[in-house]
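Undergrad: One structure, pasted below without further comment.
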Amino acid sequence: MLAHVSSMGLRGIESYPVLVELDLSNGLPGYTTVGLPDDAVRESRDRVISAVRNCGFNLPQKRITVNLAPGQSRKEGSHFDLPIALALLTASGQIESESWEGKYCCIGELALDGTMRPVRGALSMAMRARQEGFKAMIVPKANAAEARAVGIDVIPGATLREIVDFLSAPELSQRDFAFSDPFEDVFPAQKEERSLEDMADVKGQVLAKRAAEIAAAGFHNLIVMGPPGIGKSMLARRLPGILPPMSRGEILEVTRIHSARSKEGSGLVARRPFRDPHHSASLVSLVGGGPGVKPGEVSLAHGGVLFLDEVLEFNRTALESLRQPLSDFKITISRAKDCVEYPARFILVAALNPCPCGFRGHPTKPCICSPKAVSSYLSRVSGPLLDRIDLQVEMSPLDFSDWAAQTNRMPESSAEIRKRVVCARQKQQERLGREDFAANAYLTQGEIKRHCVLSSSALDALRQAAQKFDLSARGLDRVLKVSRTIADLEDSDSIEIRHIAEAMNYRALDKERNSL
């Protein structure tokens, strides 16, 4: 007998329909899987057979042939276990398929005892299942919340037996499924969220805090330079606390990426990501790739912050790989057998010391580095990469009297800064006419011409700054975007000379290089 069960394949964060065909034929008992399966799909043979037996079903003593159509697309992942098991039970006559075949899309990994385990990419598969017009989707209980987020009815299951009992119910064709919106719990919790790491903990460093506020308001990249122990990492780790809450579309896109990476099944990603890979991170871990071409840190930071502490200690090739995502806001991973594209809109925050010993410019600790060593050290960040970083700030040491004064009074909290950031982001959303990723850092050339118009005096100021710092065309565009964000924080409709001047003030590394 022949049975058909609908499922989904996953390629990057995109999904496509897969029809699981299973044929039972006479002959020596055997099990064959075709349709370009990977190792995880081939291994489903043992999981499916054990799950079927341990759930009390009969395993037909016939030749079993499984085809995953379309045959030209490579099938990856363990989520085909459930549809293969249901097709096997249907073909052997242990389940009636008239009421559900072709109406439901099934995904799920099976344990040897028939327990359903979470799978990768459930959200992307649910989105495609809804587009394809399926009545409902059968998923493991751990993936139910993220699958429901796209508005499709979901049938969560804990075991294979539970799903079979559900499909065998005589009233199945008339059954309605209750739909609950997981965003009802996400958004109130997000609005009331309080960061445990408050910007008030950072003592002094007024200029760096202001740069962090501008970075959060416009989603600009930031690099902070200063001696060890000055608070560079502390500042970066508190940046997510002043970012505005994610929109519904941003939550879905961020969740799709994280779901494609792991199968923890933790539901929607409601908080903006903060990723801080170690400086020993490889190229593949940063940009993505490896088995299954999974997303890397630049995509896992999508919608949030990618923090590179001790950025100059990172592999030069890995650092230079950041050029494309910083310019195109996406990363394209090309391999011999596949090419996958992932979104990569993030705030890059990089921290570095001013020299190899770390004390160049320190008021009390002498620097032991030669000018040549300093120049060689700072040149590890290439000009093209530095050109893509909007804000460059040098942090100065805090003396004891200033530290004691900061201890006795409470500096501005993350909640207060976040209010201004949210107001500035709302202005950008209204100006650009969209809600998802509406930030000045993502302005196109046409939008820059429309929304970053300068008066003649402001244009003269920008011309003088460009000549002084030898800015490229890209650098000029980024100064304009930063100026636009500073104006938004001041609730100013036009870009004034003071906004240009402040934007140019955040070019510390350019000044440092010019002085060497």
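The values are calculated or read from the model by the stated rules, or taken from the named source; none is laboratory data. Just so we're clear, the structure is a prediction, and the values are computed from it rather than from any experiment. Every residue, glycine as well, gets a Cβ built from its backbone with ideal geometry; the counts of neighbours run over all protein chains shown.
Undergrad: Which of the residues belonging to segment 471-486 are farther than 25 Å from Lys427 by Cα and either surrounded by 15 or more Cβ atoms within 10 Å (Cβ to Cβ) or in contact (Cβ under 8 Å) with a residue 40 or more places away in the chain (or both)?
TA: If the condition is that a residue be farther than 25 Å from Lys427 by Cα and either surrounded by 15 or more Cβ atoms within 10 Å (Cβ to Cβ) or in contact (Cβ under 8 Å) with a residue 40 or more places away in the chain (or both), then Leu471, Ser472 are the ones that fit.
Undergrad: Further question on the same structure: State whether the residues of segment 76-89 include one that is of a type in the set (Asp, Glu) and part of a helix (DSSP H, G or I).
TA: yes
Undergrad: In addition: Which of the following residues is part of a loop (DSSP other than H, G, I, E, B), modelled with pLDDT under 90 and either in contact with a helix residue (DSSP H, G or I) (Cβ under 8 Å, 6 or more places away or on another chain) or over 19 Å from Val287 (Cα atoms) (or both): Pro363, Pro356?
TA: None of the others qualify; the one that does is Pro363.
Undergrad: Restricting attention to segment 77-91, does a residue exist that is surrounded by fewer than 18 Cβ atoms within 10 Å (Cβ to Cβ) and either among the hydroxyl-bearing types (Ser, Thr, Tyr) or at pLDDT 90 or above (or both)?
TA: The answer is no, given that none of the residues of segment 77-91 is surrounded by fewer than 18 Cβ atoms within 10 Å (Cβ to Cβ) and either among the hydroxyl-bearing types (Ser, Thr, Tyr) or at pLDDT 90 or above (or both).
Undergrad: Here is a list of conditions, (1) closer than 29 Å to Asp470 by Cα; (2) in contact with a strand residue (DSSP E or B) (Cβ under 6 Å, 6 or more places away or on another chain); (3) in contact (Cβ under 8 Å) with a residue 60 or more places away in the chain; (4) of a type outside the set (A, V, I, L, M, F, W, C), and Arg323 meets all of them except one; can you say which number that is?
TA: The failed condition is (2).
Undergrad: Moving on to the next point. Find the residue count for segment 92-132, including only residues that are under 28 Å from the mean Cα position of the chain (by Cα), farther than 22 Å from Lys294 by Cβ and either surrounded by fewer than 24 Cβ atoms within 10 Å (Cβ to Cβ) or not aliphatic (A, V, I, L, M) (or both).
TA: The total comes to 5.
Undergrad: Which one of these does His302 not meet: (1) within 25 Å of Pro244 (Cβ to Cβ); (2) in a helix (DSSP H, G or I); (3) in contact with a strand residue (DSSP E or B) (Cβ under 9 Å, 6 or more places away or on another chain)?
TA: Only one criterion is unmet by His302, namely (2).
Undergrad: Tell me, please, whether a residue that is out of contact with any Gly (no Cβ under 9 Å at 6 or more places or on another chain), in contact (Cβ under 8 Å) with a residue 60 or more places away in the chain and either assigned to a helix (DSSP H, G or I) or aliphatic (A, V, I, L, M) (or both) can be found in segment 54-65.
TA: The answer is no; no qualifying residue exists.
Undergrad: Scan segment 366-382 residue by residue and report those that are surrounded by fewer than 14 Cβ atoms within 10 Å (Cβ to Cβ), assigned to a loop (DSSP other than H, G, I, E, B) and not hydroxyl-bearing (Ser, Thr, Tyr).
TA: Pro366, Ile368, listed by residue number.
Undergrad: Kindly provide the set of residues from segment 290-315 that are in contact (Cβ under 8 Å) with a residue 12 or more places away in the chain, closer than 20 Å to Gly12 by Cβ and in contact with a helix residue (DSSP H, G or I) (Cβ under 8 Å, 6 or more places away or on another chain), ordered by number.
TA: Lys294, Pro295, Gly296, Glu297, Val298, Ser299, Leu300, His302, Gly303, Gly304, Leu306
Undergrad: State all residues of segment 337-353 that are part of a loop (DSSP other than H, G, I, E, B) and crowded, with 17+ Cβ neighbours inside 10 Å; if no residue qualifies, say none.
TA: Ala344, Arg345, Phe346, Asn353
Undergrad: Could I ask something else about it? Could you check segment 418-440 and list, in sequence order, the residues that are small (Gly, Ala, Ser), at pLDDT below 95 and over 14 Å from Glu250 (Cβ atoms)?
TA: Gly433
Undergrad: State whether one or more residues within segment 392-411 are at pLDDT 90 or above and closer than 16 Å to Met199 by Cα.
TA: No: zero hits.
Undergrad: Looking at this structure, is Pro325 surrounded by 23 or more Cβ atoms within 10 Å (Cβ to Cβ) and assigned to a loop (DSSP other than H, G, I, E, B)?
TA: It is false that Pro325 is surrounded by 23 or more Cβ atoms within 10 Å (Cβ to Cβ) and assigned to a loop (DSSP other than H, G, I, E, B).
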